[in-house]
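*Asks:* Pasting a structure here, questions to come.
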Amino acid sequence: MSAFYVTTPIYYVNDLPHIGHIYTTVVGDVVARYRRLAGETTYFLTGTDEHGQKIERAAAEKGVAPIELADRVVSRYLELWRELAISHDDFIRTTEARHAAGVRAMVERIRAAGDLYVDRHEGWYCAGCETFYTEKELLGDERRCPTHGMPTEWKSEENVFFRLSAYADRLLAWYRENPKSVQPESRRNEVRSFVEGGLRDLSVSRADLAWGIPFPGQEGQTVYVWLDALTNYVSALGFGQGRDPGSDQGLDSGSDQGRDHGSDQDGDALYRTFWEGAETRLHLVGKDILRFHAVYWPAFLMSAGLPLPTTVWAHGWWLRDQKKVSKSTGNVPRLDHLIERFGGDSLRYFLMREMVFGQDASYSDEGFVERYNSDLANDLGNTVSRLTTLSSGIFEGRTPPVACDDNPLIPLARQAAAEYRGAMAEHAFQAALQALWRLLAEANGYLVEREPWKRVKQEGPSEGLSRVLWNGLEAVRIVATGLLPFMPRTAPRVLAAIGAGEPAAGLDALEWGALPTGAELPGPEALFPRIDKAAYLAEVAAEAGGGTDPGTTHHDSLKRPSSVSAGAGVGGNTGGTMISIDRFFETELRTATVKAAEAIPSSSKLLKLTVDLGEETRTVVAGIAKVYEPEDLVGKQVVIVANLEPAKLMGVESQGMVLAAEADGRPILLHPAEPVPNGARVR
Ligand code: MSP
């Protein structure tokens, strides 16, 4: 049986995850789920990259120990992976003892090959990517990093070097002889010309870094974070913990089990199955880290005498407003919001449908709602509800009694399934989804032509109608089956809703004909409720604190207590821009007493408050439901922004905003220190 190994990059823990990070893991999950459906023995790895200067500095800035920062970020990753139904087989952290054992074993093998030496290392260094750059790679007179755009620093120290230059020819032969080694093709060409330009030896240790794995046999040196990080792909499988892979000798290096979890009990059995013995070893990476995976990593493996990955596949970037989404740009979409409002599966669908794998794609809140409404609420949701309502009404709550094996949908379904499989094999996820959606449109076209809703009036529950509706439902069953890897929670709900029962365990279910006749239909279920676009966009704007920082909610920010933010907002904008006093007075802040408060159904964050402003009573919607019970607010005095344009939030018009301080991500209301008349100006 063929073994399939798929990995994501391991993510830095200097900051919380954003859409660019979750993207690769969602892709990995879709691939892993598809391969499992195809009957392949599959192993899917993700994890975190926790060592190095970048993390050390980020922790120091936040005033915490690196491991504390790492723990915090890891728990957010794990929470997200649950919300997004990620089915990883293991989550590796580079601070685990099993990983250190793998790194030591890797260094020993590279040393045994004669590829390490000590020398002085000087150059322009970017702490962001932990990399030395040559003068000509840098940007502008300030010598900024080509990846981060931040100024680099001059560094000079004794380091251990790896003889990378000796591997140029072997790397070129690898690219040449293995067309799939680096994908897409354009990236392979890019990597090839980089190597053809000549390779310099690579420094693989750092002298002044405490937060890392001590370099074996080299006092005072720490393993370079990329050699450390890349080794995760084999350390997670137990490399360095059993017999020495590739030789008969045991390696006694994995005894300190301190913070270990995961695969260590297996020794290196997983390593043998999913690295040495696997038919596919697939690394999914973003284009910015291709060089590390397609040049350094294979060279390390060649030196260590270990098998190379079969494919390193580089994807593009998520952009927003034409810029790469990143925490430092502050243009990150709010994951917790999207997941809460649309569901994890809808986010997965959007990511996979919107990006052509390999190219850049753009995110916008507007694009997200539009895609959701058109593809999920309309195309899929309405088709399911139209068909099940008809079938249920005509055939007494059941799927039609007579199936059909001769109709124009059959060849179309066959073609869609074949295209879907072909696209999935090529990682052309967008094309795979398009093939399914085309079948959905064809099924709808077929129904429009056959007009079952009219025919039932003349024919009643006829055999002809049974065939028509069964065909429609069967096409939807095939679509939902193809969706299983993409929408692992919703696709089974679609299958249940159309009477198809539990999802089948294999890709054979893509064949025409499996929908049971006369099966009970569970009754209507709102799979993808339509979202009012204008109201949603207003809500997003309000939740961002009325303004300029779309980036942070408590979940997506590591910031400690910060700004006072208005109303529904738990987002903060610490901004830094100075404004004049006149500008400040444009904002009319007034005291008010809460007269009534109630939860807003379908929102876990928002409360509807009725407040007495002295001269008038207003309705204000506030994002404080996670912190306050409605009954505790009645009678309390608060401060509100009284001259804010009204906005509709979850169907309720909000005529102002309540002020709250954001403390550790929780909105805490501001009250006057003693009772004051309602409507008093706050300044
Ligand atoms: N720790 C290294 C990887 C080590 S792998 C042995 C690292 N971590 S990272 O957290 O900075 O980035 C992880 C992945 O996220 C990279 O593949 C990167 O391309 C991806 N993304 C970060 N921002 C992105 C977008 N805006 N869009 C798509 N992916 C991008 O690099």
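The values are calculated or read from the model by the stated rules, or taken from the named source; none is laboratory data. Since this is a predicted model, take the numbers as computed values, not measurements. Because the Cβ atoms are built from the backbone with ideal geometry, glycine has one as well, and the counts that use them run over all protein chains shown. Heads up: the accessible areas ignore ligands, DNA and RNA and are worked out on the full protein's heavy atoms, side chains in. Shrake-Rupley method; radii C 1.70, N 1.55, O 1.52, S 1.80 Å.
*Asks:* Given the structure, is Glu79 of a type in the set (Asp, Glu) and at pLDDT below 95?
*Replies:* no
*Asks:* Which of the residues that make up the range 121-167 are acidic (Asp, Glu) and either more than 15 Å from Lys54 (Cα to Cα) or over 29 Å from the mean Cα position of the chain (by Cα) (or both)?
*Replies:* Glu122, Glu135, Glu137, Asp141, Glu142, Glu153, Glu157, Glu158
*Asks:* When the range 365-383 is examined, which residues are found to be touching a residue at least 40 places away in the same chain (Cβ under 8 Å) and either in contact with a Phe, Trp or Tyr (Cβ under 7 Å, 6 or more places away or on another chain) or open to solvent by 50 Å² or more (accessible area, probe 1.4 Å) (or both)?
*Replies:* Across the range 365-383, the qualifying residues are Glu366, Val369, Glu370, Tyr372, Asp375, Leu376, Ala377, Asn378, Asp379, Leu380, Gly381.
Quick grid of which residues meet (1) within 25 Å of Met302 (Cα to Cα); (2) in contact with a Gly (Cβ under 8 Å, 6 or more places away or on another chain); (3) surrounded by fewer than 20 Cβ atoms within 10 Å (Cβ to Cβ):
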site: Ala100; (1), (2), (3): yes, no, no
site: Asp115; (1), (2), (3): yes, no, no
site: Val118; (1), (2), (3): yes, no, yes
site: Gly128; (1), (2), (3): no, no, yes
site: Thr131; (1), (2), (3): yes, no, no
site: Lys136; (1), (2), (3): no, no, yes
site: Cys145; (1), (2), (3): no, yes, no
site: Lys155; (1), (2), (3): no, yes, yes
site: Phe162; (1), (2), (3): yes, no, no
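*Asks:* Residues being away from the ligand (no atom under 16 Å from the Cβ) and on the phi < 0 side of the Ramachandran plot: count how many of those fall in the range 21-44.
*Replies:* Summing the residues that are away from the ligand (no atom under 16 Å from the Cβ) and on the phi < 0 side of the Ramachandran plot in the range 21-44 gives 11.
*Asks:* Then there's this: Does the range 528-538 include one or more residues that are open to solvent by 20 Å² or more (accessible area, probe 1.4 Å), part of a helix (DSSP H, G or I) and not small (Gly, Ala, Ser)?
*Replies:* The answer is yes, given that some residue of the range 528-538 is open to solvent by 20 Å² or more (accessible area, probe 1.4 Å), part of a helix (DSSP H, G or I) and not small (Gly, Ala, Ser).
*Asks:* Within the range 60-81, can you find the residues that are surrounded by fewer than 20 Cβ atoms within 10 Å (Cβ to Cβ), in contact (Cβ under 8 Å) with a residue 12 or more places away in the chain and either of a type in the set (A, V, I, L, M, F, W, C) or within 30 Å of Gly506 (Cα to Cα) (or both)? Break it down into steps so the answer makes sense when it comes.
*Replies:* Just the residues of the range 60-81 that are surrounded by fewer than 20 Cβ atoms within 10 Å (Cβ to Cβ), to begin with: 60-65, 67-68, 71-72, 74-76, 78-79.
The next check asks that each one be in contact (Cβ under 8 Å) with a residue 12 or more places away in the chain; those that pass are 62, 67, 72, 74, 76, 78.
Listed by number, the residues that qualify are Ile67, Val74, Leu78.
*Asks:* Looking at the structure I just gave you, is Glu96 more than 10 Å from the ligand (Cβ to nearest atom) and of a type outside the set (Ser, Thr, Tyr)? Walk me through how you get there before you give the answer.
*Replies:* Details: more than 10 Å from the ligand (Cβ to nearest atom): yes; of a type outside the set (Ser, Thr, Tyr): yes.
Answer is yes for this residue.
*Asks:* Residues to consider are Val627, Val658; find the one that is out of contact with any helix residue (DSSP H, G or I) (no Cβ under 9 Å at 6 or more places or on another chain), closer than 29 Å to Gly343 by Cβ and buried (at least 20 other Cβ atoms within 10 Å of the Cβ).
*Replies:* Just a single option satisfies the conditions, and that option is Val658.
*Asks:* Which residues, counting only those in the range 288-319, are more than 7 Å from the ligand (Cβ to nearest atom) and charged (D, E, K, R)?
*Replies:* Residue satisfying the conditions is Arg291 alone.
*Asks:* Across the range 320-360, which residue is surrounded by the most Cβ atoms within 10 Å (Cβ to Cβ) among those that are assigned to a loop (DSSP other than H, G, I, E, B) and more than 14 Å from the ligand (Cβ to nearest atom)? Can you show your working first?
*Replies:* Residues of the range 320-360 that are assigned to a loop (DSSP other than H, G, I, E, B), as a first pass: 321-322, 325-334, 343, 355-360.
Then drop every residue that is not more than 14 Å from the ligand (Cβ to nearest atom), which leaves 334, 343.
Working: Arg334: 23, Gly343: 20.
This residue is Arg334.
*Asks:* Moving on. Out of (1) open to solvent by less than 40 Å² (accessible area, probe 1.4 Å); (2) under 23 Å from Ser165 (Cβ atoms), what's the single condition that is false for Thr46?
*Replies:* (2)
*Asks:* Next question. Going through the range 661-670 one residue at a time, which ones are open to solvent by 10 Å² or more (accessible area, probe 1.4 Å) and not in a strand (DSSP E or B)?
*Replies:* Within the range 661-670, Asp664, Leu670 meet the criteria.
*Asks:* Restricting the first residue to the range 34-57 and requiring it to be under 15 Å from Arg421 (Cβ atoms), which pairs with a second residue that is away from the ligand (no atom under 11 Å from the Cβ) and not small (Gly, Ala, Ser) meet a Cβ separation below 6 Å and a spacing of at least six or different chains?
*Replies:* Correct list of pairs: Tyr34/Met424; Tyr34/Pro485; Arg35/Phe4; Arg35/Thr42; Arg36/Thr42; Leu37/Leu507; Ala38/Leu507; Glu40/Phe4.
*Asks:* If Val13 satisfies every condition in (1) touching a Ser or Thr at 6+ places or on another chain (Cβ under 7 Å); (2) closer than 18 Å to Ala432 by Cβ; (3) near the ligand (Cβ under 9 Å from one of its atoms) but one, which is the exception?
*Replies:* Val13 satisfies all of (1) touching a Ser or Thr at 6+ places or on another chain (Cβ under 7 Å); (2) closer than 18 Å to Ala432 by Cβ; (3) near the ligand (Cβ under 9 Å from one of its atoms) except (2).
*Asks:* State all residues of the range 107-157 that are of a type outside the set (Phe, Trp, Tyr), touching a Phe, Trp or Tyr at 6+ places or on another chain (Cβ under 8 Å) and within 23 Å of Ala59 (Cβ to Cβ); if no residue qualifies, say none.
*Replies:* Once the filter is applied, which keeps residues that are of a type outside the set (Phe, Trp, Tyr), touching a Phe, Trp or Tyr at 6+ places or on another chain (Cβ under 8 Å) and within 23 Å of Ala59 (Cβ to Cβ), the range 107-157 yields Cys126, Glu130, Thr131, Cys145, Thr152, Glu153, Lys155.
*Asks:* Please work out which one of (1) under 30 Å from Trp275 (Cα atoms); (2) away from the ligand (no atom under 11 Å from the Cβ) is the condition Ser364 fails and give its number.
*Replies:* (1)
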